[in-house]
1. Using a/c under 1.5 as the rounded threshold, could you call chain B rounded, prolate or oblate? The axes a ≥ b ≥ c are square roots of the C-alpha gyration tensor eigenvalues, and prolate needs a/b larger than b/c, oblate otherwise.
2. Assuming R0 = 25 Å, can you tell me the calculated FRET efficiency for the pair residue B:389 and residue B:305, based on Cβ-Cβ distance, to the nearest 0.05?
3. Quickly rank B:335-347, B:119-131, B:384-396 as a protection proxy: mean count of other C-beta atoms within 10 Å, highest first.
4. So how far apart, in nm, are the two label points at residue A:8 and residue A:146 if each is 7 Å from Cα heading toward Cβ?
5. Under 1.5 on a/c is rounded, so check that first for the stretch C:13-75, then, if it is not, pick prolate when a/b is larger than b/c and oblate when it is not; a ≥ b ≥ c are the square roots of the alpha carbon gyration tensor eigenvalues.
6. Sort B:65-77, B:28-40 for me by packing, meaning the mean count of neighbouring Cβ atoms within 10 Å per residue, highest on top.
7. Once both labels are modelled 7 Å past Cα along the beta-carbon direction, what's the residue C:98-residue B:334 spacing in nm?
8. Using the Karplus curve 6.51 cos²θ - 1.76 cosθ + 1.60 with θ = phi - 60°, what ³J(HN,Hα) values do you get for each residue of the stretch C:5-18, in whole Hz, with x for Gly and Pro?
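What follows is calculated from the coordinates using simple rules that are stated; it is not laboratory data. Because the structure is a prediction, the values reported are computed rather than measured. Virtual Cβ from ideal backbone geometry, glycine too; neighbours counted across all protein chains shown.
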Amino acid sequence: MAEAVLFYLFAAGVLAGGSQVVLRRNPIYGAVSLVGCFFFLAGIYVLLSAHLIAILQVLVYAGAVMVLFVFVIMLLNLKEEELGELRFTFWKVVGLVAVLATAAVIAWRALGPAYPSTGPARDNAILLAAEGFGGVKAVGRTLYLAAVLPFELTSLLLLVAIVAAVVVAKGKI
Amino acid sequence: MQDFIDNLIRSWGHDPAAWPWTQFLYLAFMGAAAFIVVNFAAISAGIFSWAERRVAARMQSRVGPNRVGPFGFLQWVADAVKLLLKEDLVPAEADAVLFRAAPYFMMVGFACVFVCLPFSHKLIVADLNIGIFYILAVTALIVVGIIMSGWSSNSKWSLFGAIRSAAQIISYEIPAGMALMIPVLLAGTLSTQGIIRAQGGWPWQWFIFDNPAAFAAFFIYFISALAEGNRTPFDLPEAESELVSGYNTEYSGMRFSYFFLVEWGNMWVMSAIATTMFLGGWQLPGLSPARFDALTGGVAVIAEIASLALFAFKTLFFVFVVMWLRWTLPRIRVDQMMNMCWKYLVPASFAGALFVAAWMLLVHEAPWLGQAMRFALTAIAAVTVAAFALRTLKNLRDTGDKFDFTSNW
Amino acid sequence: MTSIGLPHFLIVGAALFALGMITVVTRRNAVGILMGVELILNAANVNFIAFNHYVEGPGKVTGQVFSIFVIVLAAAEAAVGLAIVLAIYQTFRTIDVQETDTLRQ
């Protein structure tokens, strides 16, 4: 019962934050509502007993990625008038319809009989920081045993990204 | 806390897993706990504002606030009432929505930390198994609040202060996080209570004296925490000689007081984290956690209060050190601040983490080495503190100053 | 309404994906498009974790590990993407993606 209340609360927060990104013309509002959206998303991950992912979501998105976005928006100092007026071209409408149709198909499939509508029983999993499932230990074991090669490759990718970001943004060093 | 509520429900004759109101009772207790910790944060921040002014006055041979209440103790209440009654101004050119929302972002990010912050053996809101990671994550919200306040004020000083502050906090988060990972490595858990339990009551059982890298990590963390809390010598975002007051320049009334509530409350947070991670937390000397758990009746209550007092004493000592540093060190320049972080603290913290990993393997093979290192480091620290005390006493004798706590105060 | 199952989470993921896709399709400033991409990646994460919880079952966390990789890639993508946005702004004095088309001429 409380789980349902929390789910609808978090889902409403996620969708409200996400829709602000679409509706607001000013990117700084979009960025701030995206922070809120990601916070509620972390709540949804907690409901799915993925506590570590929820914390990573807050740490990486709210703490680093969104701060980067806001920084760039402040550096460029984008004003409403510089964004150009809102235009509805033919292809935009086509794209919108296509996107909504895709989402509708996904939702229709999700409601279909292919997926179980109830999950494994977990008494009070919301508030219980379980040691095993979703905890640091289980994720760490999978990450460092089964997925160790992709993990190491990711570190290489991050290095490339750091160098690329510095070179592209700074021009000459 | 969950065990406590479950037992409460059982005492009412229900099964916690089946009773439909269990989760609502959890929510009610969470609300009550949130109310308590937010008020604790606000009141301690208020008291620190008074303490800081008294300490500053003492260090500068002034009197300080001494009119409201004994020793001016109620000055912070008077200030809070004044700020509540002041008009809440929003500049005409400011972005009103973000301007109003920014202080709340900071307050939320600050108050969320208290969920995982231990106070004593049993006193903690929730002992999450990702405790310290959670604390690192939620403080990120403070940066968002600072950037919002600086940008929405539509003022040069606010914007410069916010950009400096955001760059500073994000940079120093890396050495702070890496330094905190060293006690996590040693304890093998991220839970704050688990890290305290992995230490001991005596100084040589604390993680700070475990090995040289942990010793260095404590200082790396403390420096980074000072920078993250915008405390001197890293108070560049609020440098009043350059930026008026930084990101909070345009604020007034209650919203202005939120910024300072967060700043002073952060002193408790950073000191409590240092105490938890490096200084043995609430562990009483000679009482192992297992025996602590087994205590019952009046002895348990006394031990609980003693552990609370010990934790508060250690934390308040570091709060005092933070104030002491503020009135001792001058402010550094922006480039010096960035150099210090990226050229010294970040490589040092990474090297420290590697060293601790190797050290743990070594100690696993030769346990006597770990013991010897603990005692050696504790002895070095004790000698340093004793030398400092002797030197201070000698200086006091030479200058003729007395511990004059009566006439000036 | 009392029982929350897999479809609920999948619908949140689908709605988030749609919002992100609409942002990418309709926005003309590059920062807005990057924000839309972040929304899409998070929609994928919701699905990974929901399937991990309901289908993969207790004790297995492959879906969560995959979402860690998605988060890392999203962070790298944001860093490089925003660096490119800054470079575009230095060259064109605008970040409107329809006006930065000198390669076409």
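1. Values: a/c = 1.41, a/b = 1.14, b/c = 1.24.
It is rounded, given that a/c, with a ≥ b ≥ c, falls under 1.5.
2. Details: r = 29 Å, r/R0 = 1.15.
Computed FRET efficiency for residue B:389 and residue B:305 comes out at 0.30.
3. In decreasing order of mean packing, B:335-347, B:119-131, B:384-396 become B:119-131, B:335-347, B:384-396.
4. The modelled label-to-label distance comes out at 3.5 nm.
5. Working: a/c = 6.44, a/b = 2.16, b/c = 2.97.
Oblate, since a/c reaches 1.5 and b/c is not below a/b.
6. Values: B:65-77: 15.3, B:28-40: 13.6.
Taking the mean over residues of other Cβ atoms within 10 Å, the ranking is B:65-77, B:28-40.
7. About 3.7 nm, to one decimal.
8. In residue order, the calculated couplings are x, 4, x, 4, 5, 5, 5, 4, x, 5, 5, 5, 4, 4 Hz.
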